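The values are calculated or read from the model by the stated rules, or taken from the named source; none is laboratory data. Keep in mind that this is a model prediction, so the values were computed, not measured. Because the Cβ atoms are built from the backbone with ideal geometry, glycine has one as well, and the counts that use them run over all protein chains shown. Side chains included, ligands, DNA and RNA excluded: accessible areas come from the protein's heavy atoms. Shrake-Rupley method; radii C 1.70, N 1.55, O 1.52, S 1.80 Å.
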Amino acid sequence: MMTTHSEEALKALMLLSLDGDEAAYRRLLTALRMLLVGYYSRRMAAAAKADMEDLVQETLLALHSHRSTYDPARPFTAWFFSIARYKLIDHHRGRGRRRLSETELREEIESDFSDEALTARMDVERLLDGLPPKQQELIRQVKLEGQSVADTASRTGQSESAVKVSIHRALKALGERLRGSS
């Protein structure tokens, strides 16, 4: 089962939307909005959090404007997060903030979108595919997207301790799988 945040699911929604499927496009934008909130909240200073919603909207507008440039032969998330990164760079430049120097941003971009990083992301997705869908989503939200246990518990309707236990069990299962025990 695909989650709406997996590379496969997001790419499928993008391809459907490029073919004119409005419902798929709305689902894609909803999923990407949630990913962007997590992405930007980890990269922006607390004082700049008020600008985050504007940045999310600007990024989604850029996606809309540039969607025809997407190459279906390439990973969708790499293409999309490059747009997000450039919007973040523009945000920092526009605000006159130099907390993230261009060198740091360039290194981050190069490291996140190298062949090794993309391969690692695909490996993580393959590993997660072996878990039950609920555990996959919890791992993605808390460990990969950096969302808090409290927020994830609230969104999923579980207690914080249930989320922690589920994540612990999922990580234990992944560890056993990597050791070849399963």
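Does residue 8 fit the bill of being modelled with pLDDT of 90 or more, surrounded by fewer than 17 Cβ atoms within 10 Å (Cβ to Cβ) and more than 18 Å from residue 83 (Cβ to Cβ)?
Values: modelled with pLDDT of 90 or more: no; surrounded by fewer than 17 Cβ atoms within 10 Å (Cβ to Cβ): yes; more than 18 Å from residue 83 (Cβ to Cβ): yes.
Criteria not met by residue 8.
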- Query: Which residue pairs have Cβ atoms under 7 Å apart, sit 6 or more places apart or on different chains, and have a first residue in the stretch 150-162 that is touching a residue at least 40 places away in the same chain (Cβ under 8 Å) and surrounded by fewer than 14 Cβ atoms within 10 Å (Cβ to Cβ) and a second that is among the hydrophobic types (A, V, I, L, M, F, W, C) and assigned to a helix (DSSP H, G or I)?
  - Reply: none
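What residue, among those in the stretch 76-92 that are of a type in the set (Phe, Trp, Tyr) and buried (at least 16 other Cβ atoms within 10 Å of the Cβ), is farthest from residue 5 (Cα to Cα)? Write out each step before concluding.
Step one: list which residues in the stretch 76-92 are of a type in the set (Phe, Trp, Tyr), which gives 76, 79-81, 86.
In the following step, the residues that additionally are buried (at least 16 other Cβ atoms within 10 Å of the Cβ) were identified as 76, 79-81.
Working: 76: 11, 79: 15, 80: 13, 81: 13 Å.
Of everything passing the filter in the stretch 76-92, 79 is farthest from residue 5 (Cα to Cα).
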- Query: Is it the case that residue 119 is at pLDDT 85 or above, within 27 Å of residue 43 (Cβ to Cβ) and hydroxyl-bearing (Ser, Thr, Tyr)?
  - Reply: no
- Message: Which numbered condition in (1) within 21 Å of the chain's Cα centre (by Cα); (2) under 18 Å from residue 128 (Cβ atoms) is the only one that residue 173 fails?
- Response: (1)
- Message: Taking the condition of being open to solvent by 40 Å² or more (accessible area, probe 1.4 Å) and in contact (Cβ under 8 Å) with a residue 40 or more places away in the chain, how many residues in the stretch 11-29 meet it?
- Response: 3
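For residue 147, are the conditions met, namely being modelled with pLDDT of 85 or more and surrounded by 17 or more Cβ atoms within 10 Å (Cβ to Cβ)? Lay out the reasoning, then the answer.
On the way: modelled with pLDDT of 85 or more: no; surrounded by 17 or more Cβ atoms within 10 Å (Cβ to Cβ): yes.
No: the conditions fail for residue 147.
Among the candidates 28, 16, 36, which residue alone is in a helix (DSSP H, G or I) and closer than 21 Å to residue 151 by Cβ? I'd like the intermediate steps shown before the answer.
Values: 28 fails: closer than 21 Å to residue 151 by Cβ; 16 fails: closer than 21 Å to residue 151 by Cβ.
It is 36.
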- Task: State all residues of the stretch 30-75 that are farther than 19 Å from residue 92 by Cβ, hydrophobic (A, V, I, L, M, F, W, C), surrounded by fewer than 16 Cβ atoms within 10 Å (Cβ to Cβ) and modelled with pLDDT of 90 or more; if no residue qualifies, say none.
- Result: none
